[in-house]
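A.B. asks: I am attaching a structure below and will ask some questions about it afterwards.
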Amino acid sequence: MDKIRIQGGRPLSGTIKVSGSKNSALPILAATLLTHEPCTIHRVPDLSDTHYMLQILVHLGAQVERASGVVTVAAEKIASVAPYDVVRRMRASVCVLGPLLGRCKEATVSLPGGCVIGDRPIDLHLKGFEALGSAVRVEGGNIKVFAPKLTGAVVNLRGKFGPTVLGTDNVMRGAGTGGCRSCHVPQ
């Protein structure tokens, strides 16, 4: 629908159901990796990208239930590796890098899939992780981040095209929870 035309001169009344934003839902779903506790997220849009993110969470070890726009994620024990076959479908898969670093103190995530609107680098995400004290390597198509201890820092995430909202969110989630014993690397 391109537009709504209202004729009449009477006040509008009624209700409509509005789904949540994909660009908000993806980082929120990824953030569920930060806790052992079950998380329930409402108004998650029924889109291919949210389905892909849920598949990534399942691959990492989370248990996921979805019904009528409500998603429950329980990430009691998680892996710290997200390989190419599960992250290749969307650029937003990089959203799991910060939470995995924050919780497991290490993460290996394949470079994210392409974007139809053009090249969208993640260099500012990596710059932010390094500023907090992480060792960052990109090798063989994988981003490897390791930080036994993160340190607070002033981080400038402005790039040549402006600041990065997703990068800021990702780095903040990377600052995480202080680590835990519930991460595992798949065999």
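A.B. asks: Have a look at GLU130, GLU76, GLU65, GLU139 and point out the one that is acidic (Asp, Glu) and closer than 26 Å to SER19 by Cα. Reasoning before the result, please.
C.D. replies: Values: GLU130 fails: closer than 26 Å to SER19 by Cα; GLU76 fails: closer than 26 Å to SER19 by Cα; GLU139 fails: closer than 26 Å to SER19 by Cα.
Answer to the check: GLU65.
A.B. asks: Mind checking which residues of region 104-123 are surrounded by fewer than 19 Cβ atoms within 10 Å (Cβ to Cβ) and modelled with pLDDT of 75 or more? Show your work before the answer.
C.D. replies: As a first pass, look at region 104-123 and keep what is surrounded by fewer than 19 Cβ atoms within 10 Å (Cβ to Cβ): 111, 113-121, 123.
Matches in region 104-123: LEU111, PRO121, ASP123.
A.B. asks: Further question on the same structure: Any residue in region 2-14 that is surrounded by fewer than 22 Cβ atoms within 10 Å (Cβ to Cβ) and polar (S, T, N, Q)? Please lay out each step first, then the result.
C.D. replies: Keep residues of region 2-14 that are surrounded by fewer than 22 Cβ atoms within 10 Å (Cβ to Cβ), which gives 2-14.
Next, from what is left, pick out any that are polar (S, T, N, Q): 7, 13.
Within region 2-14 (the criterion being surrounded by fewer than 22 Cβ atoms within 10 Å (Cβ to Cβ) and polar (S, T, N, Q)), the answer is yes, since at least one residue qualifies.
A.B. asks: With the requirement that a residue be out of contact with any Lys or Arg (no Cβ under 7 Å at 6 or more places or on another chain) and surrounded by 13 or more Cβ atoms within 10 Å (Cβ to Cβ), what does region 31-48 give you?
C.D. replies: Matches in region 31-48: THR32, THR35, HIS36, PRO38, CYS39, ILE41, ARG43, VAL44.
A.B. asks: Any idea which residue in region 50-61 is nearest to the chain's Cα centre (by Cα), counting only those that are on the phi < 0 side of the Ramachandran plot and surrounded by 18 or more Cβ atoms within 10 Å (Cβ to Cβ)?
C.D. replies: Only one residue tops the list, namely MET53.
Listed here are the residues, each with its yes/no results for (1) without any contact (Cβ under 8 Å) to a residue 24 or more places away in the chain; (2) among the aromatic types (Phe, Trp, Tyr); (3) in contact with a His (Cβ under 7 Å, 6 or more places away or on another chain).
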{"position": "THR35", "(1), (2), (3)": "no, no, no"}
{"position": "ILE56", "(1), (2), (3)": "no, no, no"}
{"position": "GLN63", "(1), (2), (3)": "yes, no, no"}
{"position": "SER80", "(1), (2), (3)": "no, no, no"}
{"position": "TYR84", "(1), (2), (3)": "no, yes, no"}
{"position": "LYS105", "(1), (2), (3)": "no, no, no"}
{"position": "LEU124", "(1), (2), (3)": "no, no, no"}
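A.B. asks: Something else now. Which residues, taken from region 31-49, are more than 15 Å from ALA74 (Cβ to Cβ) and more than 16 Å from the chain's Cα centre (by Cα)?
C.D. replies: Those that are more than 15 Å from ALA74 (Cβ to Cβ) and more than 16 Å from the chain's Cα centre (by Cα): HIS42, ARG43, ASP46.
A.B. asks: Hand me the list of helices (runs of 4 or more DSSP H) wholly inside region 70-168 holding 2 or more residues that are touching a strand residue (DSSP E or B) at 6+ places or on another chain (Cβ under 9 Å) and farther than 21 Å from ILE56 by Cβ.
C.D. replies: Fully inside region 70-168 and qualifying: 123-131.
A.B. asks: Quick check on region 169-187: of everything there that is in a loop (DSSP other than H, G, I, E, B) and of a type in the set (Gly, Ala, Ser), which residue is modelled with the lowest pLDDT? Steps first, answer last, please.
C.D. replies: First, the residues of region 169-187 that are in a loop (DSSP other than H, G, I, E, B): 176-182, 185-187.
Checking the rest, the ones that are also of a type in the set (Gly, Ala, Ser) come to 176, 178-179, 182.
On the way: GLY176: 68, GLY178: 50, GLY179: 46, SER182: 49.
In this case the residue turns out to be GLY179.
A.B. asks: Let me ask something additional. If we scan region 90-98, do we find a residue that is of a type in the set (Lys, Arg), more than 13 Å from ASN170 (Cβ to Cβ) and either modelled with pLDDT of 95 or more or touching a Pro at 6+ places or on another chain (Cβ under 8 Å) (or both)?
C.D. replies: no
A.B. asks: Are there any pairs with C-beta distances below 6 angstrom linking a residue in region 142-170 that is surrounded by 10 or more Cβ atoms within 10 Å (Cβ to Cβ) to a residue that is charged (D, E, K, R) and assigned to a loop (DSSP other than H, G, I, E, B), with the two at least 6 apart or on different chains, and if so which?
C.D. replies: ALA147/LYS105; PRO148/LYS105
A.B. asks: Another question, then. Condition test on ALA25, is it in contact with a Pro (Cβ under 8 Å, 6 or more places away or on another chain) and either acidic (Asp, Glu) or in contact (Cβ under 8 Å) with a residue 40 or more places away in the chain (or both)?
C.D. replies: So ALA25 does not fit the description; no.
The values are calculated or read from the model by the stated rules, or taken from the named source; none is laboratory data. The shown structure was predicted, so the numbers you read here are calculated from the model rather than taken from an experiment. When we count neighbours, we look across all protein chains shown, and the Cβ atoms used for this are built from the backbone with ideal geometry, even at glycine.
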